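Q: I am attaching a structure below and will ask some questions about it afterwards.
No value in this document is a laboratory result; all are computed from the given coordinates. It should be emphasised that the depicted structure is a prediction, and the values quoted were computed from it without experimental measurement. Here Cβ is always computed from backbone atoms with ideal geometry, including for glycine, and neighbour counts include all displayed protein chains.
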Amino acid sequence: MSKRKSSNEHRDRIEGWRKDAAGLNYEEALQALDLLLAELQNDSVPLAELQQRVLHGEVYLNRCQTLLDSVEQSIVELDPKTLEATNNA
Amino acid sequence: MSVDRLPTYSVAELNTAIGSLLERGFAPRFLLEATVSRPQLKKGHLWLTLTDGDASISGVVWASKLAQLSYRPEDGDGVTVVGKLNFWAARASLTVQALDIRPSLSTVLRDFERVRQLLEQEGVIDPRRARQLPSQPSAIAVLTSVPSSALADMLRTAAERWPLTQLIVVPIPVQGSVAPTIINTLEALAERSMELGLQALVLARGGGSREDLAVFDNENLCRVLADYPIPVVTGLGHEDDLTVADLVADHRAATPTAAIVALLPDREAERQGLVQRQSRLKDALQGRILRERQRLKDRAFAMQHQSPLEKIRRQRQDLDQKQLLLKALSPDRWLKRGLALVSNATGDIIQDLESVKIGDQLNIRMSDGTLEARVDQIQRSSTNPTS
């Protein structure tokens, strides 16, 4: 029973990270990943948290990869006089 | 030739005949290369003399056309005029009606030099003012003519390199009096740059002649660019074209496409960077465990070194060494080689004859036992063999 509870907590935590990462742009997600990697490499993370941090890093990495794979570029054309968006682009 | 056979005209008829001859026999449009002399505005129309030094002809730009010109000729300017002939029959006067006037290359370059020198003196053109470009801009403004091949090239390049950046395209005119319009657009966009999240501006125009880029030497336009709130990248004309706008920009790209390349990162290079990070992340766990294991080993070794048993072992080892040393220094080694130790009855070692007299009892210690002896005779050596 407690094992199942723990597994649910774990899943919820990862889901929470994913939601947070979804709000980041590429540069922000990459910065978060680099910060985490630096912590991991200078051994400042307690051993008990190591696995969690690596999983958190993977969430940031996935966010970066997803953004990088997007092919749709947002192009907005503005009217030069009003600077309001036109529908030409 | 008989006078009867000569055509006879009234003045009006003659002038009309000349007019109709010109109309039939002369190209309806032509290009005229000339230098402008004494331009004057009269009732909104620009009157001027077009000359090449030896010959001259009067010219006019009607007020309606004048408003559309991107360039207003000044006295001494070299120009290329797209014109047609106007013949006024009433006074038989001939004028070139200018449909368009463009500055000649020499005029454009002279203006470029003038503005460049002025802005350099004022410190507006200064390479140290160039700001760093954003590494992964979330949104950039692209000012160029729409539609144009330059824009199409830029959009294609942006899609290939970095689709994550939002492109805000703002059309700018290329015909007519464009400098004030471009300045207005630039200023309005600068006010909204924060709201639009703009991180850089690209000012681009596709190829063409250097004369077509003359607007980018406009002093006011260049001042606006120099003080722009976000970094400016120019991609104007061909690789060899240099305008004042290029000199005040934070980065000058050779072409519109190059401007996009300068500003947007390369997706493939970034992908490689992510692969490397993925591998570092993967190794982080294993590497840390290896390092912690090594740390444990180091500590165990240190602990072992500090244990009481180990201390006793080390002390024993120390004693053993001292014992060996003692053995090495013991006189037994000498006794085994045939030498003997002589002592008196009280056990003092006899080192010379001074401490011995006849009748003394002596003990002579050898390697395998002791002899007891009495001194019968004392015989001193005549010389000391060591001296």
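Q: Based on C-alpha coordinates, I'd like the Rg and Dmax of chain B, in Å.
A: 53.8, 192
Q: For B:V82 and B:L196, what does the FRET efficiency come to when R0 = 41 Å and r is the distance between their Cβ atoms, rounded to the nearest 0.05?
A: Approximately 0.55, to the nearest 0.05.
Q: Counting only other chains, and only Cβ atoms inside 10 Å, what mean value do you get across the residues of A:52-62?
A: 3
Q: What is the angle, in °, between the Cα long axis of helix B:267-306 and the longest principal axis of the Cα atoms in chain B? Nearest 10 is fine, range 0 to 90.
A: Here the helix axis deviates by roughly 10 degrees.
Q: Using only Cα atoms and rounding to the nearest 10 degrees, what angle (0 to 90) does helix B:149-161 make with the longest principal axis of chain B?
A: 20 degrees
Q: Exposed loop GluC sites (Glu not before Pro) only (DSSP loop, at most 13 other Cβ atoms within 10 Å): please give the longest stretch of chain B free of them, not including the sites.
A: B:240-387
Q: Compute the long axis of helix B:11-25 from its Cα atoms, compare it with the longest principal axis of the Cα atoms of chain B, and write down the angle in degrees, 0 to 90, nearest 10.
A: Tilt relative to chain B: about 40 degrees.
Q: Compute the distance from the alpha-carbon center of region B:104-178 to that of region B:218-235, in whole Å.
A: Here the two parts' Cα centres lie 8 Å apart.
Q: Please build a GNM for chain B, connecting alpha carbons under 10 Å apart, and tell me which residue among B:A98, B:A55, B:A190 fluctuates the most.
A: Of B:A98, B:A55, B:A190, the Gaussian network model singles out B:A55 as fluctuating most.
Q: What Kirkwood radius, in Å to one decimal, follows from the Cα pairs of the protein assembly as shown?
A: 32.6 Å is the Kirkwood radius here.
Q: I want the antiparallel fraction of DSSP beta bridges within the protein assembly as shown, as a percent rounded to 5.
A: Restricted to the protein assembly as shown, the bridges split so that about 65 percent are antiparallel.
Q: Which is the longest part of chain B that has none of the chymotrypsin sites (Phe, Trp or Tyr not before Pro) sitting in a DSSP loop with at most 16 other Cβ atoms within 10 Å?
A: Counting only loop sites that pass the neighbour cut-off, the longest clear stretch is B:63-387.
Q: Let me ask you something else. According to a simple spin-label model (label point 7 Å from Cα along Cα-to-Cβ), what is the distance in nm between B:A55 and B:L274?
A: 6.9 nm
Q: Here is a follow-up. Let me have the 222 nm mean residue ellipticity of chain B computed from DSSP H runs of 4+ only, each contributing -39500 (n - 2.57), with the sum over all residues rounded to the nearest 500.
A: -13000 deg cm²/dmol
Q: Here's something else I'd like to know. For an R0 of 41 angstrom, estimate the FRET efficiency from the Cβ-Cβ distance between B:L371 and B:K327 and round to the nearest 0.05.
A: 0.95
Q: In chain B, once you exclude exposed trypsin sites (Lys or Arg not before Pro) (DSSP loop, at most 15 other Cβ within 10 angstrom), what's the longest stretch remaining?
A: Free of exposed loop sites, the longest segment is B:132-336.
Q: Under the 0.36 nm per residue contour assumption, what length would be gained going from the current alpha-carbon distance of B:L296 and B:Q68 to full extension?
A: 73.7 nm
Q: Let me ask another. Subtracting the Cα-Cα distance from 0.36 nm times the residue separation, let me have the gained length for B:L14 to B:Q315 in nm, one decimal.
A: 94.5 nm
Q: Can you compute the FRET efficiency between B:D266 and A:A22 using 1/(1 + (r/R0)^6), with r the Cβ-Cβ distance and R0 = 35 Å? Round to the nearest 0.05.
A: Efficiency, rounded to the nearest 0.05: 0.90.
Q: Roughly what % of DSSP beta bridges within region B:142-291 run antiparallel, to the nearest 5?
A: 0 percent
Q: Count, for each residue of A:68-74, the Cβ atoms from other chains sitting within 10 Å of its Cβ, then give me the mean as a whole number.
A: Shielding by partners across A:68-74 averages 6.
Q: Based on DSSP, what percent of beta bridges with both residues in chain B are antiparallel, to the nearest 5?
A: Expressed as a percentage, antiparallel bridges in chain B total about 65.
Q: Report, as an integer, the average count of C-beta atoms from other chains found within 10 Å of each Cβ along B:275-283.
A: 5
Q: For region A:37-88 and region B:1-72, what is the separation of their Cα centres, given in Å?
A: 67 Å
Q: Also, quick follow-up: Pick from B:D348, B:D77, B:D250: which residue has the top mean-square fluctuation in a GNM of chain B where Cα pairs under 10 Å get a spring?
A: Highest fluctuation among the options: B:D348.
Q: Placing unit charges on C-beta atoms (Lys and Arg positive, Asp and Glu negative, everything else neutral), compute the dipole magnitude of the protein assembly as shown about its Cα centre in debye, rounded to 20.
A: The calculation lands at about 2120 debye.
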